[in-house]
Amino acid sequence: MAQRTILLGVSGGVAAVKIPALIRLLVEEGIGVEAILTHSALQFVTPLSLRSMGAVSVSGPEWESHSPMSHIDQSRRVDAIVLAPTTAHLLARLALGLADDYLTTTLLASLPTTPLLIAPAMNLQMWQAETTQLHVATLKQRGVRFIGPESGVLACGETGAGRMVAPERLVDELLSLLEANAQERPLSNYTVTVTAGPTQEAIDAVRFISNHSSGKMGYAIAAAAQKLGATVRLVSGPVALTPPPRVERVAVTCAEQMYRAVMAQPGDIFIAAAAVADYRVKESSTTKMKKGALTWSLELVPTVDILAKVAALPPPQRPFCVGFAAETDNLLHYAQQKLERKRLDMVAANWVGREEGGFHREMNQLFLIDSSGEVIELPLMAKSQLAQRLLAEVVRKMVLESSRASS
């Protein structure tokens, strides 16, 4: 499992002096820390002090030392974000979506699925102020988790709620949050490659061989995998669909292009949802073929079998392989043959050519067959729901195989 990494945002409260100790505890737990300091935080701690405690990187509030897209890259590569201490000013900027320095810009660019843990620290009256509590309520509605503040003697000499929690308690809360998030996002350490849509095999400069695939099932699978935490590559044939958020789309046209794109990074899980043309023209024309004879004869040759090639990769390059079988008759028989012939881990079989489900429809029905012979029927439902159910079975199957291998 890859090392867990957090983004630690530090704002300018007296409690910032506890941050070096917090970083040391996090590093001891095997957590990588990337810290960003606000202007006011620099009045209490220095980048050197945080690096000396083991922080992987420490950034200041200014943009000069960063690349134009670094706030996006940094926000999306971490497993969680911790803001400690969090001042009333930072709370307000976060609740209102203000982004006027490197920290708040990075926070605004972060994924909604990235856990955010806030440890407030401020004067008692500032914490109890109606405006502050409105900002807290807004952030909680968005799924942000708060820890503290604790009651006690504050830096100003007053007694009450406003003190940042101890570093030890903050680490325990973060570990709990990371564990809960890992259970909700079981693919967070996996790369999933999904193929989708049809391919177009050129006849000449304007004509091609293709099929009716819309790509909707493959795109739904890519979106569902991303929500489960996976890094997703969507290798897509020509479709009229917008790629899901935070999914890398690789656009291709023909089977050979799709093959090269897949083999460049087949991932840890490969789901072949594309309807790849089985044949291509042996010698296509680079110019338009003029209409002349009453009949044409085209010599067709097989396209590369992408799924078979991936399934034949040697360990550890070989991913968990899921194929699709779309049939007009003998569905389970042909799907079982495909599973065995290509040595797949699972095949998802669906009817085509019927009134419900299939190409261009929003709904579908699947039969999942795995290498043990188990058959699971998923009834007619939205393709987005089918994608979730399919991935749940993939995760279950992978967990079973992992437990058998370790026993």
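Residues to consider are 19, 36, 23; find the one that is surrounded by 15 or more Cβ atoms within 10 Å (Cβ to Cβ), in the same structural domain as residue 101 (by TED's automatic domain parsing) and assigned to a strand (DSSP E or B).
Unique residue meeting the criteria: 36.
Can you confirm whether residue 138 is over 28 Å from residue 27 (Cα atoms), assigned to a helix (DSSP H, G or I) and either touching a residue at least 24 places away in the same chain (Cβ under 8 Å) or under 25 Å from the mean Cα position of the chain (by Cα) (or both)? Please lay out each step first, then the result.
Working: over 28 Å from residue 27 (Cα atoms): yes; assigned to a helix (DSSP H, G or I): yes; either touching a residue at least 24 places away in the same chain (Cβ under 8 Å) or under 25 Å from the mean Cα position of the chain (by Cα) (or both): yes.
Judged against the criteria, residue 138 is a match.
Among the residues of the stretch 269-290, which ones are under 29 Å from the mean Cα position of the chain (by Cα) and among the small types (Gly, Ala, Ser)?
The first filter runs over the stretch 269-290 and keeps only residues under 29 Å from the mean Cα position of the chain (by Cα), leaving 269-277.
If the condition is that a residue be under 29 Å from the mean Cα position of the chain (by Cα) and among the small types (Gly, Ala, Ser), then 272, 273, 274, 275, 277 are the ones that fit.
Within the stretch 202-214, identify whether any single residue is within 25 Å of the chain's Cα centre (by Cα), modelled with pLDDT of 95 or more, outside the structural domain of residue 77 (by TED's automatic domain parsing) and closer than 27 Å to residue 321 by Cα, and answer yes or no.
Quick first cut of the stretch 202-214, residues within 25 Å of the chain's Cα centre (by Cα) only: 213-214.
Right, trim to modelled with pLDDT of 95 or more and you get none.
No, the stretch 202-214 contains no residue that is within 25 Å of the chain's Cα centre (by Cα), modelled with pLDDT of 95 or more, outside the structural domain of residue 77 (by TED's automatic domain parsing) and closer than 27 Å to residue 321 by Cα.
Suppose the filter is β-branched (Val, Ile, Thr) and surrounded by fewer than 18 Cβ atoms within 10 Å (Cβ to Cβ); does residue 231 pass it? Quick ask: steps written out before the conclusion?
Numbers: β-branched (Val, Ile, Thr): yes; surrounded by fewer than 18 Cβ atoms within 10 Å (Cβ to Cβ): no.
It is false that residue 231 is β-branched (Val, Ile, Thr) and surrounded by fewer than 18 Cβ atoms within 10 Å (Cβ to Cβ).
Say whether the condition of being outside any helix (DSSP H, G or I) and on the phi < 0 side of the Ramachandran plot is met by at least one residue in the stretch 71-78. Don't jump to the end; show me each part of the working.
Taking the stretch 71-78 and keeping what is outside any helix (DSSP H, G or I), we get 78.
Next cut, on the phi < 0 side of the Ramachandran plot only: 78.
Checked the stretch 71-78: at least one residue is outside any helix (DSSP H, G or I) and on the phi < 0 side of the Ramachandran plot.
Quick one: which residue in 62, 34, 28 is acidic (Asp, Glu) and within 25 Å of the chain's Cα centre (by Cα)? Walk me through how you get there before you give the answer.
Details: 62 fails: within 25 Å of the chain's Cα centre (by Cα); 28 fails: within 25 Å of the chain's Cα centre (by Cα).
Just one listed residue meets the conditions, 34.
Mind listing whichever residues of the stretch 306-344 are in a loop (DSSP other than H, G, I, E, B) and either hydroxyl-bearing (Ser, Thr, Tyr) or out of contact with any Phe, Trp or Tyr (no Cβ under 7 Å at 6 or more places or on another chain) (or both)? Outline the logic, then answer.
Our first condition is that a residue be in a loop (DSSP other than H, G, I, E, B); within the stretch 306-344, this holds for 312-319, 328-330, 343-344.
312, 313, 314, 315, 316, 317, 318, 328, 329, 330, 343, 344 - these are the residues of the stretch 306-344 that are in a loop (DSSP other than H, G, I, E, B) and either hydroxyl-bearing (Ser, Thr, Tyr) or out of contact with any Phe, Trp or Tyr (no Cβ under 7 Å at 6 or more places or on another chain) (or both).
What's the number of the only condition in (1) outside the structural domain of residue 394 (by TED's automatic domain parsing); (2) farther than 23 Å from residue 116 by Cβ that residue 220 fails to meet?
(1)
Using beta carbons and a limit of 9 Å, which pairs, at least six apart or on different chains, have the first residue in the stretch 72-95 and closer than 15 Å to residue 127 by Cβ and the second one surrounded by fewer than 18 Cβ atoms within 10 Å (Cβ to Cβ) and charged (D, E, K, R)?
From the stretch 72-95, the pairs are 95/142.
Being out of contact with any strand residue (DSSP E or B) (no Cβ under 9 Å at 6 or more places or on another chain), buried (at least 23 other Cβ atoms within 10 Å of the Cβ) and either within 20 Å of residue 322 (Cα to Cα) or not basic (Lys, Arg) (or both) narrows it down to one of 240, 255, 224, 275, so name that one.
Details: 240 fails: buried (at least 23 other Cβ atoms within 10 Å of the Cβ); 255 fails: out of contact with any strand residue (DSSP E or B) (no Cβ under 9 Å at 6 or more places or on another chain); 275 fails: out of contact with any strand residue (DSSP E or B) (no Cβ under 9 Å at 6 or more places or on another chain).
Selected residue: 224, the only one of 240, 255, 224, 275 that is out of contact with any strand residue (DSSP E or B) (no Cβ under 9 Å at 6 or more places or on another chain), buried (at least 23 other Cβ atoms within 10 Å of the Cβ) and either within 20 Å of residue 322 (Cα to Cα) or not basic (Lys, Arg) (or both).
Would you call residue 293 free of Cβ contacts under 8 Å to residues at least 60 places away in the same chain and over 34 Å from the mean Cα position of the chain (by Cα)? Please lay out each step first, then the result.
Working: free of Cβ contacts under 8 Å to residues at least 60 places away in the same chain: yes; over 34 Å from the mean Cα position of the chain (by Cα): yes.
Spelling it out, residue 293 is indeed free of Cβ contacts under 8 Å to residues at least 60 places away in the same chain and over 34 Å from the mean Cα position of the chain (by Cα).
Return yes when residue 387 is modelled with pLDDT of 90 or more, under 25 Å from the mean Cα position of the chain (by Cα) and either assigned by TED's automatic domain parsing to the domain that holds residue 275 or of a type in the set (Phe, Trp, Tyr) (or both) and no when it is not.
Details: modelled with pLDDT of 90 or more: yes; under 25 Å from the mean Cα position of the chain (by Cα): yes; either assigned by TED's automatic domain parsing to the domain that holds residue 275 or of a type in the set (Phe, Trp, Tyr) (or both): yes.
Yes; evaluated as a whole, the condition is true for this residue.
Mind counting the residues in the stretch 8-21 that are in contact (Cβ under 8 Å) with a residue 60 or more places away in the chain and either touching a Leu at 6+ places or on another chain (Cβ under 6 Å) or farther than 24 Å from residue 71 by Cβ (or both)? Full working, then the answer.
To start, the set of residues in the stretch 8-21 that are in contact (Cβ under 8 Å) with a residue 60 or more places away in the chain comprises 8-16, 18-19, 21.
Add one more test, that the residue is either touching a Leu at 6+ places or on another chain (Cβ under 6 Å) or farther than 24 Å from residue 71 by Cβ (or both), and what stays is 9-11, 14-15, 18, 21.
Residues meeting the conditions: 7.
Quick check on residue 279: is it closer than 18 Å to residue 253 by Cβ and of a type in the set (Phe, Trp, Tyr)? Show your work before the answer.
Working: closer than 18 Å to residue 253 by Cβ: yes; of a type in the set (Phe, Trp, Tyr): yes.
So residue 279 fits the description; yes.
For residue 153, are the conditions met, namely being of a type in the set (Val, Ile, Thr), surrounded by fewer than 17 Cβ atoms within 10 Å (Cβ to Cβ) and modelled with pLDDT under 95?
On the way: of a type in the set (Val, Ile, Thr): yes; surrounded by fewer than 17 Cβ atoms within 10 Å (Cβ to Cβ): yes; modelled with pLDDT under 95: yes.
Yes; evaluated as a whole, the condition is true for this residue.
Residue 301 is checked against (1) surrounded by fewer than 16 Cβ atoms within 10 Å (Cβ to Cβ); (2) in contact with a strand residue (DSSP E or B) (Cβ under 7 Å, 6 or more places away or on another chain); (3) touching a residue at least 24 places away in the same chain (Cβ under 8 Å); (4) among the hydrophobic types (A, V, I, L, M, F, W, C) and fails just one. What number does that condition carry?
Looking at each condition in turn, residue 301 falls short on (3).
Please pick out the residue among 405, 382 that is more than 22 Å from residue 241 (Cα to Cα) and modelled with pLDDT under 95. Full working, then the answer.
Values: 382 fails: more than 22 Å from residue 241 (Cα to Cα).
Testing whether each residue is more than 22 Å from residue 241 (Cα to Cα) and modelled with pLDDT under 95 leaves just 405.
Considering only strands (runs of 3 or more DSSP E) fully contained in the stretch 226-272, which possess at least 3 residues that are of a type in the set (Val, Ile, Thr)? Break it down into steps so the answer makes sense when it comes.
On the way: elements: 231-236, 248-251, 269-272.
Output list reads 231-236.
Could you tell me which residue of the stretch 325-341 is nearest to residue 198 (Cα to Cα), considering only residues that are surrounded by fewer than 12 Cβ atoms within 10 Å (Cβ to Cβ) and of a type in the set (S, T, N, Q)?
Per the criteria, the residue is 328.
The values are calculated or read from the model by the stated rules, or taken from the named source; none is laboratory data. Because the structure is a prediction, the values reported are computed rather than measured. Every residue, glycine among them, receives a Cβ derived from its backbone with ideal geometry; neighbour counts consider all protein chains shown.
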